[in-house]
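Each reported figure results from applying straightforward, stated rules to the coordinates on display, with no laboratory input. Because the structure is a prediction, the values reported are computed rather than measured.
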Amino acid sequence: MTKAKSPQPGALALAEMKEFASFEAGTQRYVRRSLDVGLERRDAIRRWSRDMVEAASIKAQRSVYRRLEDIRETIPDDSGLDSVEPFMGPLVTVSAFDLGQDRLPSFSAYRFLYERLLGPYIRPWLPGSFCAAAALPHIHPERRRTLLQSISEAAATAPGWSNRAPAFYPDWVEKVPENALPH
């Protein structure tokens, strides 16, 4: 009898790094900033704001992200409708905020961020929350179309989801001055 091979942790982290690298620079920046805010890794305003508008956006995000802990605690174990109502409303609200920032251009970028913000058990709920948030009227109709078309049939109709925790969490990288590089 042969043993089923599971992917090596290094290979999984590398695949996640490649996926992150495929995102546009603005999306990468927003994901890293959102992880700092949502996981309370550091002072996001000091690290990420370039002006007063961005500082205000981070403050608003911090306020909206206060719901993340409640969402983590209420992720349903099954699809029973009685447990969906107190969970899905806050998840759609937070998702609508992020999609409304115009920095998550696709389901894959949204999924990448939310798997890290909320953990692997959120995966079955992401297609529904993404579609609900993307269809809300505060999103411009053309953007709604782009977002909703970005979710693949496979993602929308998956028969099951992995409960493996993400291996790669993007973080701030300091720029190295050119004069410090070896010649």
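Gain on full extension, evaluated as 0.36 nm per residue between residue 78 and residue 157 minus their Cα-Cα distance, stands at 26.8 nm.
Which value at 222 nm does the chain reach when only helices count, each DSSP H run of 4 or more adding -39,500 (n - 2.57), with the total divided by all residues and rounded to the nearest 500 deg cm²/dmol? For the chain, the value works out to -17500 deg cm²/dmol. Each principal axis of the Cα cloud of region 72-132 was taken in turn, and the coordinate range along them, longest first, works out to 32, 19, 17 Å.
Using a cutoff of 8 angstrom between alpha carbon atoms and counting only pairs six or more residues apart, the relative contact order for the chain works out to 25 percent.
Test of understanding: what is the full-extension gain from residue 19 to residue 53, defined as 0.36 nm times their sequence separation minus their Cα-Cα distance? Numbers along the way, then the final one.
Numbers: separation 34, 0.36 × 34 = 12.24 nm, distance 2.91 nm.
Fully extending the segment from residue 19 to residue 53 adds 9.3 nm.
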